[in-house]
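To start, I am sharing the structure in question, which I have written as structure tokens.
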Amino acid sequence: MNKYIIQGGHPLSGVVTVSGAKNAAVAILPAALLINGTCRIENVPDISDVRLLLEILDSMGAKIRRLSPNTLELCCTNVRDSEASDALVRRIRASYYFIGAQLGRFGHARVALPGGCNFGARPIDQHIKGFEAIGAAVDLKDGFVCAAAPADGLTGGRVNLDVVSVGATMNIMIGAVLANGTTVIENAAKEPHIVDLANFLSAMGAKISGAGTDVIKIRGVRSLHGGSYSIIPDQIEAGTFMAAAAACGGSVLVKNVIPRHLECITAKLREMSVEVTEFDDAVLVRREGRLTKTNIKTLPYPGFPTDMQPQMTTALCLAEGTSIITEGIWGSRYRYTEELSRMGANIHVDGAIAVVEGVKELNGAPVRAHDLRAGAAMVIAGLAAKGVTEVEQVQNIERGYETLVEKFVALGADMY
Ligand code: UD1
């Protein structure tokens, strides 16, 4: 079924276990192309974006074994020097990591320009700047990115990113790992999944330092070997359940998390009168009284993540007082607010700013999941609202959330 039906208005209570990080997995899988040997990857989220990337790797000749729902064994040693299928690549934004991976593995890449979540222009000029800095010639032609290393291989080099870009930082890292020389990425992004990709590559023999700071150094090595790696928990999935507990009320223990990665979400929830208790690898989120207003500005990590903006804005629709949201990464990421307005929310959007006047309740309505995180926000709105909400286009949600319905049902939600 392409929609979720939610009977809202029930508080959430119980325990939920967070899956592996989508944005780490979607970089690590293409990066596996660089490895000569077999790698075992644990905590891989079973989501449609991952299944699509595996299909692309399979079409290139990779050997893939699923040892359990979340553990894969992957061997790209005999992968053919072939292009990834355009039709598959265009369906997922993260396919841009095949540019860095093919360039590193084969010395050239030709990848269709990526698709993915639709919330405004998503340029890749910083990726290209990075590939050029490490010695590649890059061309954009007929909807493809074509990159080629010199005959004696990529040189490595220094690149100063003009904007802090998660994708460019990871793609340049992937491209540079097997270069002949050293690469330095300045003004690098610092998200947890960047550190995770660096840790994965390092576990396979790469020489990377500084991941998690704004200067990352990659000393090229001749080859990468096989090994084992476990992907970190998904910061945004954890935050989504935290925001849902805030919006619906109740008490939810969110397990398999790294509380440090959630600090700015935790801080905002506390400002909203939500009780958050941190444990070593879990957070307990409790809300009894009414939520209170706060202001949020999204920024690169360690700032508040843009991928949590729709879910928190939705919770703030029910808070007492006026909240101001400023979107600092994707200025036009507010299309979902029209759906919330139809549920009774009072939101005014002006450019990158949304002003939310809290209301006492939302009412169920048919709504659309315009993109992945907007879709998660619609689910939260439906769970918190009175009456029935039908969320359409849930394939956008299933790109990035593993068994979301089952997880909410286990917390007492009435949805299917
Ligand atoms: C990644 C995440 C996405 C998240 C975003 C910001 C994945 C697969 N997706 O997307 O969920 O919302 O980080 O945390 O990991 N920019 C440029 N030129 C470029 C690249 C980016 O101008 O070459 C700009 C973008 O327009 C945007 C900002 O930089 O305003 C950040 O984008 P970036 O961090 O690159 O996002 P993605 O890696 O695409």
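The values are calculated or read from the model by the stated rules, or taken from the named source; none is laboratory data. The shown structure was predicted, so the numbers you read here are calculated from the model rather than taken from an experiment. Positions of Cβ are generated from backbone atoms using ideal geometry, with glycine treated the same way; all protein chains shown enter the neighbour counts. Just so you know, the surface numbers come from the protein's heavy atoms only, side chains and all, with ligands and any DNA or RNA stripped out. Shrake-Rupley method; radii C 1.70, N 1.55, O 1.52, S 1.80 Å.
Measuring from label point to label point, each 7 Å out along Cα→Cβ, what is the R90 to T77 span in nm?
It is 3.6 nm.
Here is a follow-up. With labels modelled as points extended 7 Å from the Cα through the Cβ direction, what inter-label distance (nm, one decimal) is found for V409 paired with R342?
About 2.6 nm, to one decimal.
Compute the long axis of helix 235-248 from its Cα atoms, compare it with the longest principal axis of the Cα atoms of the chain, and write down the angle in degrees, 0 to 90, nearest 10.
10
Using the heavy atoms of the protein chains alone and a 1.4 angstrom probe, what is the accessible area of the stretch 91-175 per residue in square angstrom? Numbers along the way, then the final one.
Values: 3150 Å² over 85 residues.
The answer is 37 Å² per residue.
Over its Cα atoms, what ratio of radius of gyration to 2.2 N^0.38 Å does the stretch 21-108 give? Show your work: numbers first, answer last.
Values: Rg = 11.7 Å, N = 88, 2.2 N^0.38 = 12.1 Å.
Dividing the Cα radius of gyration by 2.2 N^0.38 Å gives 0.97.
Helix 166-176 versus the longest principal axis of the chain: what angle, 0 to 90°, nearest 10, using Cα atoms?
20
Here is a follow-up. Please give the FRET efficiency for D214 paired with Y416, using the beta carbon to beta carbon distance and R0 = 51 Å, rounded to the nearest 0.05. Spell out each step's value before the answer.
Numbers: r = 45 Å, r/R0 = 0.88.
Result of the calculation: an efficiency of 0.70.
Which parts of the stretch 227-249 would a label at T17 reach, counting a residue when its backbone N lies under 14 Å from a point 7 Å out along Cα-to-Cβ?
233-234
Set the Förster radius R0 to 30 Å, insert the Cβ-Cβ distance between R158 and L299 as r into 1/(1 + (r/R0)^6), and round the FRET efficiency to 0.05.
Details: r = 25 Å, r/R0 = 0.84.
After rounding to 0.05, the efficiency reads 0.75.
Once you place label points 7 Å from the Cα toward the Cβ at A137 and D46, how far apart are they in nm?
4.7
Using a 1.4 Å probe on the protein heavy atoms, what percent of the accessible area of the stretch 1-59 belongs to carbon and sulfur?
44
Roughly how many percent of the accessible protein surface of the stretch 197-318 is carbon and sulfur, given a 1.4 Å probe and a whole-percent answer? Before the final figure, lay out the partial values.
Numbers: 2140 of 4470 Å².
The C+S portion of the solvent-accessible surface of the stretch 197-318 is 48 percent.
Arrange the peptides 170-179, 199-208 so that the one whose residues have, on average, the most other Cβ atoms within 10 Å appears first. Could the numbers behind the result be given before it?
Values: 170-179: 28.9, 199-208: 20.6.
Highest to lowest by the protection proxy: 170-179, 199-208.
Another question about this same structure. Determine the percent antiparallel among the DSSP beta bridges restricted to the stretch 247-325, to the nearest 5.
Numbers: 10 of 13 bridges.
Among the beta bridges of the stretch 247-325, antiparallel pairing accounts for roughly 75 percent.
Kindly list the residues of the stretch 217-255 that lie in the label zone of S68, defined by a backbone N under 18 Å from the point 7 Å along the Cα-to-C-beta vector.
228-234, 255, by backbone N distance to the label point.
In whole angstrom, and with the biggest value first, how far do the Cα coordinates of the chain range along each principal axis?
66, 43, 40
Here's a follow-up. Quick one: accessible area per residue over the stretch 267-416, 1.4 Å probe, rounded to a whole number of Å²? Display every interim value, and only then the final one.
On the way: 5900 Å² over 150 residues.
Roughly 39 Å² per residue, with all protein chains present.
Any chance you could run the full-extension gain for R122 through S332? It's 0.36 nm times the residue separation minus the Cα-Cα distance, nm to one decimal. Spell out each step's value before the answer.
Details: separation 210, 0.36 × 210 = 75.60 nm, distance 1.12 nm.
Once the chain is fully extended between R122 and S332, it gains 74.5 nm.
By how many degrees, 0 to 90 and rounded to 10, does the Cα axis of helix 97-106 deviate from the longest principal axis of the chain?
Roughly 20 degrees between the two axes.
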